[in-house]
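For reference, the structure discussed in these notes is given below.
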Amino acid sequence: MVLGIQPFAERSAEGGPRLDAAAEEEVMRVESGAAVALGRRALESPGTLYVTTRRVIWLSDTEAEKGYSVDFVSISLHAVSRDPEAYPQPCIYAQIDLGEEGDETDDSDSESGEDAELSKITEMRFVPSDPSQLDSLFAVFCQCAELNPDPNAEIEEEEEEENSWVFSDELMEGGMDWQTLANPIGHSNGDHDLARNVLELHINDERFEDAEELEEHRNRGSNGH
């Protein structure tokens, strides 16, 4: 899977985009007369926008070899924009996730300068010829985005669960060895010293409370005499 905006020129005999049959890709929406703006670039001449179950594809109506595509997993945010101060024309705004290596992408002999520039663009706007279609177009974006959840979301969730610190009162009172309790933390971040400090702090607090009780008991005894 390649993140970011990609050049796209694979057209079918009918003139539409050639879809990925292996992934059972289907077209969910076709918007004719739609223009696209990449980053800070000027608005492209109108073309046709295809929203599929996997990605968003825009094909130029005037240049057969010109087009762009972006997978939904690369779209970290999309929204309807009608504020003329944000952009002169009503549009669908999309923020593009380049991944951890996106900022480190260098031009290479195998990659043209144009393709290299595309791989660094972090936002794009889709401008339909009829602004009244924005809401329905946005709804299709949302529907297809749900079909393509972030593959890293589940991994991040698991890591958060592994990094959760749970020390039950029963384990603490049972005098279980700190190394046994530190194992779940050690497997996730390897910080045994930090785990030891957490447990020692708890133990010291208990001893401090015991010392206070003993002192209070002595004071009561002396007051009784």
So if we plug the beta-carbon distance of K66 and V2 into 1/(1 + (r/R0)^6) with R0 = 25 Å, what FRET efficiency do we get, rounded to 0.05?
0.85
Would you please give the FRET efficiency between N152 and L43, computed as 1/(1 + (r/R0)^6) with r the Cβ-Cβ distance and R0 = 41 Å, to the nearest 0.05?
0.80
Ignoring ligands, DNA and RNA, what percent of the 1.4 Å accessible area of region 19-76 is carbon and sulfur?
47
For a quick check: with amide H placed at 1.01 Å from N, whose amide H comes under 5 Å from E123's, ignoring anything fewer than 5 positions away on the same chain?
G39, I96
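The values are calculated or read from the model by the stated rules, or taken from the named source; none is laboratory data. Here the structure is a predicted model, which means the values were calculated and not measured. Virtual Cβ from ideal backbone geometry, glycine too; neighbours counted across all protein chains shown. Accessible surface areas use protein heavy atoms only, side chains included; no ligands, DNA or RNA. Shrake-Rupley method; radii C 1.70, N 1.55, O 1.52, S 1.80 Å.
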